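The values are calculated or read from the model by the stated rules, or taken from the named source; none is laboratory data. Nothing here was measured: the structure is a model prediction, and the numbers come from that model. No Cβ is skipped: glycine too gets one built from the backbone with ideal geometry, and neighbour counts run over all protein chains shown.
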Amino acid sequence: MTKFADAFSAGMEEVRKSWGWLLALGILLIALGVVCVGTAKTATTVSILVFGWILLFSGVAWFVGAFQA
């Protein structure tokens, strides 16, 4: 077997071991998706706020990095 096939089979074994967690995560994501579709205004507001905070922290990190350079 090739290295890729070995890595793929090892990865598949990890997926088989933790299928319960993956199933639970999938169900949770589906439920959150349904809630977001049901309350589109709230989901939009939250996503805008989260994206804004990410941009703010990223900007501060770039600003600090610029002065360290």
Could you please find all residues in the range 23-69 being modelled with pLDDT of 95 or more and among the polar types (S, T, N, Q)? 58
Among the residues listed as 35, 60, 50, 46, the single one being in contact with a helix residue (DSSP H, G or I) (Cβ under 8 Å, 6 or more places away or on another chain), at negative phi and surrounded by 10 or more Cβ atoms within 10 Å (Cβ to Cβ): 35
